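What follows is a single structure, written as structure tokens, with notes after it.
The values are calculated or read from the model by the stated rules, or taken from the named source; none is laboratory data. All figures in this text were calculated on a predicted structure; none of them were measured in a lab. No Cβ is skipped: glycine too gets one built from the backbone with ideal geometry, and neighbour counts run over all protein chains shown. SASA here: full protein model, heavy atoms, side chains in, ligands and nucleic acids out. Shrake-Rupley method; radii C 1.70, N 1.55, O 1.52, S 1.80 Å.
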Amino acid sequence: MTAPDPNRETAHSIEALCRLGLDSRELGRRIGSHLSRRLTADAFCFGLIDPSTLLVTDHVIEGISSDAAADAAYNEYLVDDVLKFAELARAKDRVGILSEATGGDPTLSHRYRALLPLIDASHELRAAFVIDDRCWGGMSLYRSGSRPDFSPDDVDLFRRFSVTVAAALRRAAHRPASVAVGGPAEAGVLILDHDFRLLTANPAGQEWLEELATDITGAPPIAVLDVAARGKNSPLGAYARIRGTSGRWLSVQASPLTGDRHPATIAVLIQPAPASEVIEVLQLAYGLTPRERDILEQVISGRPSRAIAGLLHITTATVQDHLKSIFAKVGVRSRGELVARMLDGVFNRPS
């Protein structure tokens, strides 16, 4: 009799979770809890990642103090280290163990020295969830020093379900909004200090912070922390598209301030994402091909099939074939439904 393969059974369990159609946060919570039990991890962080900017835009944590959030953002974007999520997203192997990445000396890692002690951890495994060369999420598992380090067998487990999780996160990105929330009429403005602590905010900024609420209490949401960290030392600033708790897509931008009486202050602007940015991320989420994206752009502009064919130098029949494929991927039956679905996250119409 063939001995049972624990990794195969665990991978099947994760794949089953991915078929439930959960929103990204609930999916992350269930996957994290399941893997923590299976791999006897003491803590985990499951993050959602913008596939264009590779910024962590939301996360679910367990066994990690909220005080570590700002330190994590600082490590991820402002210092050199191994196994950064952006690095894993571009690598051939998207799973790694901290001790192996440092050649057996984890003290070479800034994260090991500065961040892991905050959560009483000594061992870390990291993975990026990538499909079609786009990263939609990442995960870190941690063990205390009283437990053995993660093993190649643990890495192999993540390789088995990584693409499946990425596909589930991609599907979750185009889940229709379920709650209609108008939000403030103006942009929210936050001012953070050099340690990413909130100094002040206008009333709209406070409202938008509630829309971006996460598990962190008493600190800016992870989306704000990560954009602020990326933009802190960049004259061009940084931005990310974030999906709020209502399902509405927001634009978060951060840049350093100069000439202020507070040293190294950072301004963060939060406002509804423009339609072009929402459509861009939804095109990726629905898995549209480059040609299908071209045709979708023209459909949203109101052009008929004959005009689209002439503009793109293809036949009208080819346009219709592409439209059928787009309808199938998006789950609609007409141009009107297609445009409404693509703009759902802009106007936040509940379905």
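Pull out a ≥ b ≥ c, the square roots of the eigenvalues of the alpha-carbon gyration tensor of segment 1-90, then state rounded if a/c is under 1.5, prolate if not and a/b is larger than b/c, and oblate in the remaining case. Prolate shape, in that a/c is at least 1.5 and a/b is the bigger ratio.
Give me the net charge of Arg143's neighbourhood, meaning all other residues with Cβ under 9 Å from the Cβ of Arg143; Lys, Arg count +1, Asp, Glu -1. Let's see the in-between values first.
Details: positive: Arg147; negative: Asp42, Glu124, Asp149.
My count for the surroundings of Arg143 gives -2.
Suppose R0 equals 25 Å. What FRET efficiency, 1/(1 + (r/R0)^6) with r the Cβ-Cβ distance, do Ser66 and His194 give to the nearest 0.05? Write down the numbers at each step before the final one.
Numbers: r = 19 Å, r/R0 = 0.77.
Result of the calculation: an efficiency of 0.85.
Label-to-label distance, Lys329 versus Ala185, with points set 7 angstrom from Cα along the beta-carbon direction: 3.9 nm.
So between Asp294 and His34, what do we pick up on full extension, going 0.36 nm a residue minus the alpha carbon distance? Don't skip to the end; give the middle numbers.
Numbers: separation 260, 0.36 × 260 = 93.60 nm, distance 4.06 nm.
Separation in residues times 0.36 nm, less the Cα-Cα distance, equals 89.5 nm.
Once whole DSSP H runs in the chain are found, which of them have Cα atoms spread over 20 Å or more along the helix axis and a mean Kyte-Doolittle score of at least -1.0? Sorted by number, the helices that extend far enough and score high enough are 152-173, 316-330. Label positions at Arg303 and Ser144, each projected 7 Å from the Cα along the C-beta direction, are separated by 6.2 nm.
The length gained by stretching the chain between Ala340 and Glu87 to full extension, at 0.36 nm per residue less their Cα-Cα distance, is 87.5 nm.
Site pair Asp80 and Asp5 shows an inter-label distance of 4.0 nm when each label is modelled 7 Å from Cα along Cα→Cβ.
Most tightly packed first, judged by the mean number of other beta-carbon atoms within 10 Å of their residues, the peptides 160-169, 309-318 read 160-169, 309-318. Of the residues Ile119, Ile97, the one with the largest accessible area comes first in the ranking Ile119, Ile97, computed with a 1.4 Å probe on protein heavy atoms. Estimated from helical segments only, the mean residue ellipticity of the chain at 222 nm is -12500 deg cm²/dmol, where each DSSP H run of four or more residues counts as -39500 (n - 2.57).
For segment 93-247, the solvent-accessible area with a 1.4 angstrom probe is 42 square angstrom per residue. Taking all Cα pairs closer than 8 Å and separated by 6 or more residues, the relative contact order of the chain comes to 16 percent. Within straight cross-link reach of Lys232, meaning Cα distance under 28 Å, which lysines are found once same-chain residues fewer than 8 apart are removed? Result set, ordered by chain and number: Lys84. Rounded to the nearest Hz, the phi-derived 3J(HN,Hα) couplings of segment 265-273 under the Karplus curve 6.51 cos²θ - 1.76 cosθ + 1.60 (θ = phi - 60°) are 6, 10, 9, 10, 10, 10, 7, x, 5, where x marks glycine and proline.
Can you give the charge dipole size of the chain about its Cα centre, rounded to the nearest 20 debye, using +1 on the beta carbon of Lys and Arg and -1 on the beta carbon of Asp and Glu? Spell out each step's value before the answer.
On the way: 39 positive and 43 negative charges, 269 e Å.
Using Cβ point charges on Lys, Arg, Asp and Glu, the chain gives about 1300 debye.
Going through (1) 72, 67, 34; (2) 65, 42, 34; (3) 56, 52, 41, the figure that equals Cα extents along the principal axes in Å as computed for the structure here is (1).
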